[in-house]
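I have placed the structure first, in the form of C-alpha cells, so that the comments after it can refer back to it.
Just so it is clear, none of the values below were taken in a lab; they were calculated from the coordinates. Remember, predicted model here, so these are calculated numbers, not experimental data. Cβ: placed from backbone, ideal geometry, glycine included. Neighbour counts: every protein chain shown.
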Amino acid sequence: MRVKVTEVGPRDGLQNEAKTIPTDVKVRFVDALSEAGYEEIEVSAFVSPDRVPQLADAEEVFARIRRREGTLYSALVPNERGLERALRARIGKAAVFTAASETFNRKNVNASIAESIERFKPVVEGARGASIPVRGYVSTAFWCPYEGKIAPEAVVDVVKRLTDLGVDEISIGDTIGKAVPADVMTLLDRLLDHVDQDRLAMHFHDTYGTAIANVLASYERGISTFDSSAGGVGGCPFAPGASGNVATEDVIWALTQSGADVAPDLGRVRAATDLLGSALGRSLHRAPGSTSAPPG
Ligand code: HMG
Ligand code: MG
C-alpha cells in the first residue's frame, strides 16, 4: 500500500523550541527535507507571533525555501488573518486546527470548539477559492492534558463538523502522546463509519513510547497518511508534558518493513535531522546510520 508521510518537523518540531532558531537554519532544514522527496512538508504557522514567537518568521521561511516539484508546502492557518498572510506566502495547503477537548482548545486558540470551527468557514472558502486543499486537525483525540481521557464520541463529533465544513483531510492528533494501539483501534473503528479512510491522517506524539506501535495499528486498519517529524523533534507549547512527534525515520523504517511503499528517502531524512541537530547543538532522536548517531 502507498503511504504518505507528512513531515511536520519544521512546524510542530520547531514551535516548541525555547531558543530562537535563525530563519536560515529553518530554510536549510526545509530544503534538506525537500531533497528527501516528501509529498508534503508542513513548513510553519500563520498564527499570532505573540503566542508562538518561534514561528513569527513564517513569511520569510516560505519566501526563501526552494520548492521541489511534487511536494506540497503547507502551514497552520487559524483564521482569516492567517489565510491572508498564508496566501501571500504562496502556501500549497492550509491546515486549520481544533480539538476534541474544550479546555485544551481554549488554551490553544482562545475559543470554544464551536467558535473555532466558525472561524474556519472563511478560511476553507478562501482556500477553496485559491484552489488550495485544506487539512483539519483534531487535537487531544485520545487524552487531554487538562480533561484526561477523551471519549471517542467527542472526536467523531468534531470530525463530522469538519467534514461538513468541506475540509479535504482530517488529522487525528494524540497531542500528548499517551494513546496505545487499543485506543487507536477503538477510535478508528468508530471514525471509519463516518469518514473514508483515505481522508484520515494520524498524528502521534511519542511521550509514552507507543507512537510507532500506534502508527502500525493504524496502518493495519487501512490508514495511509502519517504525520511525523525528522529526528522526533516537537511538542505543543499549550500542552504541558507533550513530547516530540513520532520520528520520521522510525515511521519510514517500520512501514517499509511492513510492506508499505513510502516516498521519502530514509538516508536523506537522516541528513536533514543531522543538519538540524548540529544547528540546535544537541543530538536528536537516534537515527541509525546518521553521522551524529552511535552505530548499531
Ligand atoms: P486570539 O487569541 O483569539 O486573539 O487569536 P485575537 O483574534 O483577538 O487577536 C489577538 C491579536 O493577535 C491581535 O493583535 C491580532 O491581530 C493578532 P493585536 O491587535 O493585539 O496587536 N492575530 C494574528 N496575528 C498574526 N496572524 C494571525 C493572527 N490572528 C490574530 N493569524 C489565535 C486566535 C488562534 C490566532 C491565537 O490564539 C494563536 O495564534 N494561538 C496559537 C495556536 C498555536 O499555534 N498552537 C500550536 C499549534 S497546534 C498543535 O501543535 C497541535 C497539532 O500539532 C496537532 C496535535 O498534536 O494534536 C496541530
Ligand atoms: Mg502535534
Taking alpha-carbon centroids only, the range 11-47 lies from the range 53-120 a number of Å equal to 14 Å
So, relative contact order of the chain in percent, Cα under 8 Å, 6 or more apart, is 21 percent
The chain, Gaussian network, Cα under 10 Å: of His285, His205, His194, the residue fluctuating most is His194
Expressed in angstrom, Rg and Dmax over the Cα atoms of the range 190-276 are 13.5, 42
Check: in the chain the Lys pairs 8 or more apart or on separate chains whose Cα atoms fall under 29 Å apart number 25
With Cα springs under 10 Å, the Gaussian network model of the chain assigns the largest mean-square fluctuation among Pro133, Pro22, Pro152 to Pro22
Listed by chain and number, the residues whose amide H is under 5 Å from that of Lys4, excluding neighbours fewer than 5 places away on the same chain and using placed H, are Thr225, Phe226
Here Rg/Rh (Cα, Kirkwood) for the range 2-280 equals 0.92
With Cα springs under 10 Å, the Gaussian network model of the chain assigns the largest mean-square fluctuation among Gln54, Gln257, Gln197 to Gln257
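Quick one: net charge around Ile252, please, counting Lys, Arg +1 and Asp, Glu -1 for every other residue with C-beta under 12 Å from its C-beta. Write down the numbers at each step before the final one.
Working: positive: Lys4, Arg268, Arg270; negative: Glu7, Glu249, Asp250, Asp261, Asp265.
Around Ile252, the surrounding residues sum to -2.
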Note to self, the chain gives a 222 nm [θ] from helices alone (DSSP H runs n ≥ 4, -39500 (n - 2.57) apiece, / all residues, nearest 500) of -12000 deg cm²/dmol
Taking max minus min of the Cα coordinates of the range 1-154 on each principal axis, largest first, gives extents in Å of 41, 40, 37
Once normalised by the length of the range 1-149, the mean sequence separation of its alpha carbon contacts under 8 Å that are 6 or more apart gives a contact order in percent of 20 percent
Gyration tensor (Cα only) of the range 98-147 to equivalent ellipsoid, semi-axes in Å sorted down, yields 24, 11, 6
In Å³ per residue, the alpha-carbon convex hull of the range 140-195 encloses 77 Å³
One would report the antiparallel percent of DSSP beta bridges in the chain, rounded to the nearest 5, as 10 percent
Of the candidates Leu276, Leu255, Thr23, the farthest towards the positive dipole end of the range 2-280 (Lys/Arg Cβ +1, Asp/Glu Cβ -1, centred on the Cα centre) is Thr23
Between the alpha carbon centres of the range 121-136 and the range 158-180 the gap in Å comes to 17 Å
Per the range 1-69, sqrt(5λ) over the Cα gyration tensor eigenvalues, sorted largest first, in Å, gives 22, 13, 10
